[in-house]
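The values are calculated or read from the model by the stated rules, or taken from the named source; none is laboratory data. Values in this document were obtained by computation on a predicted structure and should not be read as measured data. Cβ sites come from the backbone with ideal geometry, for glycine too, and all protein chains shown count toward neighbours. Surface areas here come from the heavy atoms of the whole protein model, side chains and all, with no ligands, DNA or RNA. Shrake-Rupley method; radii C 1.70, N 1.55, O 1.52, S 1.80 Å.
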Amino acid sequence: MKRRLIYISFAYALGLLSASISLERFGIPVILSGFLVFFALCKITDKKFKEIVLIIVPFLISFGIYRFYNCYVYETLLKCDNTDGYFSGEITDITDYAQDNSGYILDGTINNTINARIICYNTSYKCKIGDTMSFDCTFSKIDGDYLFDSHNYYKQKNIYLSADNIKNLEITENNGFLLKNILCNYRDRMISEFRLNMDSETSAFLSAMVFGDKSDIDDSSKIMLYRSGIGHIMAVSGIHVSICAGFVILILKKLKANKFVSFGILCMFLAVMVIIAEYPVSAVRASIMLAVLYGAEIFHRENDTLNTLALAVLIICISNPFAVHNQGFLLSVSGTYGIGVLAPYMTKNIDSGIIKSLISMFCVSVCVMPLSILYFDEVSIISPLTNIVFIPLCSISLIIGLIFVMSGGLINLLFIAKYLIGFIIFTVKLIGENSLIYISGNSDTAFIILISLFILGVCVYFISENRKHIYSVILCGIIFMFSYNQIVSIKNRDILEIAFLGKNKNICAVINYNGNTDIIDLSGHYKSPEYVRKYLSQNHIENINNLIISKNYSSLSVSYHSALEYSDIKNIYNCSGNEIQIKYNNYTFSCNDGILTVIYDRYSVFVSPYAYNGETADIFIFYGNSKNKNLPERFIACNENCNNFSVDFPEKSIRIRRI
């Protein structure tokens, strides 16, 4: 078997992904189906028995490792959920937030017995990485919600618990030398220099490109960047590492440094870059591949992109079984496969540079499309073109930022980067406002369709190895996906949908029917605009008839304008103490003092804080603090276990579903 590493790496990663699926629901059917497809492909491609064994063994090993790690490490720590205890650990990372708050990642022990990494949020203290925190607290399992999948985000970082209700806090300073502290302080100083030399938007963009720090980029700008197809430029990924490493190699060649010395310096530079960017898996993957690529040249070994990618994937997956939950890792691997493997294959007989570049970017877009739908609820259909135009400009800006950082600010060409990035941001916002440039939809359904089409393309490649057939599958898949999206949108117009969004006891309602959309904010929570923004983006809704705010009108109206910057809001009402009633042909709703009533045909929905005074309705929905136990039989209580759901009325019936 040629290129055994590719088969081993693929099988190992597939085993981890299979093990991560819930065995109680879909795991066993999916795994059995996967084996059937695998053996069918082996039969078609005439694989020998020993080659099949070489694939099955890594699959079973990784499956077992993931399950073992999940049961005896992850589940063991989850037993501490909702228990009080003592924790002492070293600070390994600090993230500063607004209003003088910070998030601390700690590596230590629970009750001096169980080793664990946890996260806690507290007031910003004058402490640094390497210091020790000790405190009494309540341990809580990290759960994701509609707005952010914090569960999987922290799970791949081996963080499963958070510390709440912190008491008796003690901080012990570590006065020893820590390289990470020096690098992080230097990074923060450089980001401050960016802000001094550039305006807020362009400096935030450059900080994201150079350091992966996206904290200063507002959500509306992020949406426009992703819709335009260049959102990946905000993360330290293969493009960034390649440009930076190429720049370092160029300098070393100009200095005529010894090739072994150059290799050592390059590896050190890549390690420092990964530390400064706070260990993004995409950057780790790119660094491993670049080190192998450069090492192959030194030791006169033949380099192969797919082999190198397989090695990087295998190293990362062996070191951390939960890496398969990392969206940056999956996007990075799929994008690298697109540009490094699929694109060269599809453009092998093409001579035109422009056409070759367009097809190459198209291959990248196709490979990351399923994951883009899954993680970002939408995918750009003009990304091949925008990447050809904007990547060179971003690369120049990145090199300017890198020169500034490496020279300690002595070589200052940031004014050039400022104008280049300003042009990119202006153009991206202009393009992103067009709803025809991206496909959005329900992430689960769209992801299943796209991943099925992707698997079909892989099968066609193995069976026929004909480029025309592969092109046909890809184009038919995109057309099918776009058509499906439009059909679903048209079909859903005829269904009255009331979405209830928020976290815990906070609630905001979005009523959508026949092209009319109304937002009713009932509890006045400051994060409600973000939930609404995500819902509107997921459902491709751009026009809002009415925005009704029950509490905190002054602050929330500003927040909604910011979060829904690219949506058209016709009317905004303050219904604090005032009743607002909106009538349409088929339904009516009214809002007064945090109470919402919706009447559609013969159905009614009553939404209020916990209070029942004998009202009649088909569905009661209560939110806030439970004070009244005299509640009707058919009701939904909005709390930490029930949030982000929809009440629909298809074909004169009632359907309740999670969103």
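Please give the charge dipole size of the chain, origin at the Cα centre, charges +1 on K and R Cβ atoms and -1 on D and E Cβ atoms. Round to the nearest 20 debye. So the dipole magnitude of the chain works out to roughly 2040 debye.
If the segment from Glu173 to Asp593 were pulled out straight at 0.36 nm per residue, it would be longer than the present Cα-Cα gap by 146.1 nm.
Net charge near Lys429: determine it from the other residues with C-beta under 12 Å of the C-beta of Lys429, scoring Lys and Arg +1 and Asp and Glu -1. For residues surrounding Lys429, the net value is -2. Against the criterion of solvent-accessible heavy-atom surface with a 1.4 angstrom probe, Tyr526, Tyr104, Tyr7, Tyr153 sort, most first, into Tyr526, Tyr153, Tyr7, Tyr104. A dipole drawn for the chain from +1 and -1 charges on Cβ atoms has a positive end, and of Ile381, Asn643, Leu178 the residue lying farthest that way is Ile381. Applied to the stretch 587-593, the Karplus parametrisation 6.51 cos²θ - 1.76 cosθ + 1.60 on θ = phi - 60° returns per-residue 3J(HN,Hα) values of 8, 9, 9, 9, 9, 7, 6 Hz, with x for Gly and Pro.
Rolling a 1.4 Å probe over the protein heavy atoms leaves Leu436 with an accessible area of roughly 120 Å². Measuring only protein heavy atoms, the 1.4 Å probe finds Leu266 accessible over about 0 Å². With the highest mean first, a sort of the peptides 415-428, 83-96 on other beta-carbon atoms found within 10 angstrom per residue produces 415-428, 83-96. Note on surface exposure: Tyr573, Tyr587 rank Tyr573, Tyr587 by accessible area, highest first, 1.4 Å probe. Look at (i) 19, 54, 25, 1; (ii) 16, 48, 33, 4, 0; (iii) 19, 50, 25, 5, 0: the one that is P(r) over Cα pairs in 20 Å bins from 0, in percent derived from this structure is (ii).
Computed from the Cβ-Cβ distance with R0 of 41 Å, the FRET efficiency linking Leu60 to Ile656 stands at 0.50. The order of Tyr279, Tyr146 by accessible area, most exposed first and with a 1.4 Å probe, is Tyr279, Tyr146.
So what's the net charge close to Ile233: Lys and Arg +1, Asp and Glu -1, counting the other residues with Cβ under 14 Å from its Cβ? Within the 14 Å Cβ shell, the charges total +2. Compute the signed sum of charges (Lys and Arg +1, Asp and Glu -1) over the other residues within less than 15 Å, Cβ to Cβ, of Gly89. Computed value for this residue: -4. Cross-link pairs exceeding 25 Å between alpha carbons, from the set Lys527/Lys570; Lys128/Lys527; Lys429/Lys468; Lys79/Lys157; Lys141/Lys503: Lys128/Lys527; Lys429/Lys468. Applying the Karplus relation 6.51 cos²θ - 1.76 cosθ + 1.60 with θ = phi - 60° to the stretch 329-338 yields 3J(HN,Hα) values of 5, 5, 5, 5, 5, 5, x, 5, 4, x Hz, where x marks Gly and Pro. Protection proxy ranking, highest mean first, for peptides 538-548, 560-570: 538-548, 560-570, where packing is the per-residue count of other beta-carbon atoms within 10 Å, averaged.
Using a 1.4 Å probe on the protein chains only, how many percent of the accessible area of the chain belongs to carbon and sulfur? Looking at the chain in its full context, I get 58 percent from C and S. The residues of the chain expose on average 49 square angstrom of accessible surface per residue, using a 1.4 Å probe on protein heavy atoms. Taking 7 Å steps out from each Cα toward its Cβ at Ile52 and Lys348 produces label points 2.8 nm apart.
Each label point was placed 7 Å from the Cα along the Cα-to-Cβ direction; for Asn70 and Asp164 their separation is 2.5 nm. Note that the stretch 354-368 has calculated 3J(HN,Hα) couplings of 5, 5, 4, 5, 4, 5, 4, 5, 5, 4, 4, 4, 5, 5, 8 Hz, one per residue in order, obtained from phi through the Karplus relation 6.51 cos²θ - 1.76 cosθ + 1.60 (θ = phi - 60°); glycine and proline are x.
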